[in-house]
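The values are calculated or read from the model by the stated rules, or taken from the named source; none is laboratory data. Owing to the predicted nature of the structure, the values given are computational and were not obtained by experimental measurement. All Cβ positions, even for glycine, are placed from backbone atoms using ideal geometry, and neighbour counts span all protein chains on display. Note: accessible area is taken over every heavy atom of the protein model, side chains too, but ligands, DNA and RNA are not part of it. Shrake-Rupley method; radii C 1.70, N 1.55, O 1.52, S 1.80 Å.
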Amino acid sequence: MNPSAPFDFRGRHLFVAGGSSGINFGVAEGFARAGANVSLMSRSLDRITAAASRLVALGADAIGLAGDVRDPAAVQKALDAAVERFGPIDVLLNGAAGNFLAKINDMSPNAFKSVVDIDLLGSFNVARLAYGHLRKPGASIIHISTTQAFTPTPYQAHVCAAKAAVDMLSRVMAAEWGADGIRVNSIMPGPIADTEGLNRLVPTPQGRDAMAQRVPLKRLGRTSDIAHAAMFLASEWGDFITGAVIPVDGGLGLTGPRDFTAAGEASKQARVAAGSGA
Ligand code: COA
Ligand code: NAP
């Protein structure tokens, strides 16, 4: 397939943890259009197989593998299958995550733990198990964080805490693995249009329009905005960048915490009505 200028990842292997949809799939599509061979992993074999088929339809070589980032044995199996197919991993995108709106007093310990387990422990599992399969020197790991990692945001305690820890984990990996020629960075996306994550936090079109107006650059992000940043970081152009945590948010993080009160309270009422809430 033809590389999309200015990036050329022909013959290089991208492994995506959490790649069946949204931002992570958009990043995979960017790399696929630039010639990469792509391995996608997520919990649902159906969703991940369909996602890989969409990349194959673009002309890329891609496979979909089932694996929950909370299950080290399943992650290892997926990594082994990916490397068997495409060889050592050049770029690892660590992006599996979970989110919902809930205040601290409305969250059980297990609710808080569910997001920490997926986002933080999952990122640790994937990177640690992938280490033996990374190309050395030359591999690049990219964590998908969020601007909530530095902005204390009501209804997002679990995500703020988990992603702040992901960013610190990313920086420690950069320090420990730099000598192996592995670079490790984090991207903090802002609100990205047509994604599960944004729709969960801002469920109405009117709310998303208002959010776009709050962004200094006056639009929501696109998955391609995150793909471009990830390709830059993984390319030769980013060769001296490691341990960085980079907002790609149109400047929204400059404007303080977002107000999720209306959607958060509506979500709480819906759970109470369904018999599952506090
Ligand atoms: N408010 C409060 N607690 C909630 C909640 C909400 N809106 N949604 C889930 N929980 C609680 C559950 O009640 C449960 O706690 P309990 O056992 O004490 O009752 C706990 O969170 C785990 O829920 P469960 O559905 O069993 O977890 P899971 O591992 O199957 O799913 C989630 C993880 C909850 C994060 C789920 O939303 C998910 O799979 N998300 C992936 C997709 C996504 O979030 N995309 C956006 C990425 S930014
Ligand atoms: P999404 O489409 O729901 O993406 C989440 C992905 O993770 C899916 O592919 C999901 O696939 C996978 N996943 C979830 N739990 C998993 C697990 N335990 N093991 C393996 N895979 C798992 O949501 P998104 O909004 O695009 O979010 C993608 C990333 O961007 C996340 O890291 C999120 O925190 C970050 N982010 C999003 C926004 C935004 O505006 N959307 C803003 C900032 C940051 P399966 O369901 O098939 O497992």
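So here's what we get for this one:
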{"quantity": "Residue under evaluation ALA66, criteria (1) away from ligand 1 (no atom under 16 Å from the Cβ); (2) open to solvent by 30 Å² or more (accessible area, probe 1.4 Å), criterion not met", "calculated": "(1)"}
{"quantity": "Segment 119-146 residues that are within 20 Å of ASP68 (Cβ to Cβ) and of a type in the set (Phe, Trp, Tyr), paired with ones that are open to solvent by 10 Å² or more (accessible area, probe 1.4 Å) and not in a helix (DSSP H, G or I) (beta carbon under 8 Å, 6 or more apart)", "calculated": "none"}
{"quantity": "Selected residue (only one of PRO205, PRO257 is surrounded by fewer than 12 Cβ atoms within 10 Å (Cβ to Cβ) and within 16 Å of ligand 2 (Cβ to nearest atom))", "calculated": "PRO205"}
{"quantity": "VAL75, sole failed condition from (1) near ligand 2 (Cβ under 9 Å from one of its atoms); (2) of a type in the set (A, V, I, L, M); (3) outside any helix (DSSP H, G or I)", "calculated": "(3)"}
{"quantity": "Answer from SER20, SER53, SER39 - the residue that is under 19 Å from ALA81 (Cα atoms) and either touching a Pro at 6+ places or on another chain (Cβ under 7 Å) or within 7 Å of ligand 2 (Cβ to nearest atom) (or both)", "calculated": "SER20"}
{"quantity": "ARG271 over 20 Å from LEU134 (Cβ atoms), part of a helix (DSSP H, G or I), open to solvent by 70 Å² or more (accessible area, probe 1.4 Å) and within 14 Å of ligand 2 (Cβ to nearest atom)", "calculated": "no"}
{"quantity": "Scope segment 222-268; condition under 27 Å from LEU92 (Cβ atoms), in a loop (DSSP other than H, G, I, E, B) and of a type in the set (Asp, Glu); matching residues", "calculated": "ASP239, ASP249"}
{"quantity": "Residue within segment 102-114 that is under 16 Å from the mean Cα position of the chain (by Cα) and under 19 Å from SER42 (Cβ atoms) present", "calculated": "no"}
{"quantity": "Scan of segment 88-147 for residues that are open to solvent by 50 Å² or more (accessible area, probe 1.4 Å) and near ligand 2 (Cβ under 9 Å from one of its atoms), ordered by number", "calculated": "ALA97"}
